[in-house]
Amino acid sequence: MELFYTVLILLALIAVSHVLNRRIPAVPVPLIQIALGAAVTLIPSGIHMPLEPELFFLLFIAPLLYNDGKHTPRSEL
């Protein structure tokens, strides 16, 4: 159940970062997401969930690689 809450929190942070990027377009989205992630870690929630490497690869690395591959110009490849 902690994994479900963690994924929901991450999805909510992505939505908040998108809204903040619309209001403050001068700040890059990764900086907003890093700041939001740091802010969430400072909130004492009592939830301790070790992040397993396989889960990290599945949830974060795979979508990033797919997105980069989809937007890579064929002429530069």
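The values are calculated or read from the model by the stated rules, or taken from the named source; none is laboratory data. Because the structure is a prediction, the values reported are computed rather than measured. Methodologically, a virtual Cβ is constructed for each residue, glycine included, from the backbone with ideal geometry; neighbour enumeration extends over all protein chains shown. Quick note on the areas: whole protein, heavy atoms, side chains included, nothing else; ligands and nucleic acids left out. Shrake-Rupley method; radii C 1.70, N 1.55, O 1.52, S 1.80 Å.
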LEU51 vs. criteria touching a helix residue (DSSP H, G or I) at 6+ places or on another chain (Cβ under 9 Å), open to solvent by less than 60 Å² (accessible area, probe 1.4 Å) and free of Cβ contacts under 8 Å to residues at least 40 places away in the same chain: no
Single match in LEU59, LEU13 (criterion: within 20 Å of LEU3 (Cβ to Cβ), out of contact with any Ser or Thr (no Cβ under 6 Å at 6 or more places or on another chain), of a type outside the set (Phe, Trp, Tyr) and in contact (Cβ under 8 Å) with a residue 40 or more places away in the chain): LEU59
Filtered residues of the stretch 56-75 (kept if within 11 Å of the chain's Cα centre (by Cα) and open to solvent by 100 Å² or more (accessible area, probe 1.4 Å)): LEU64
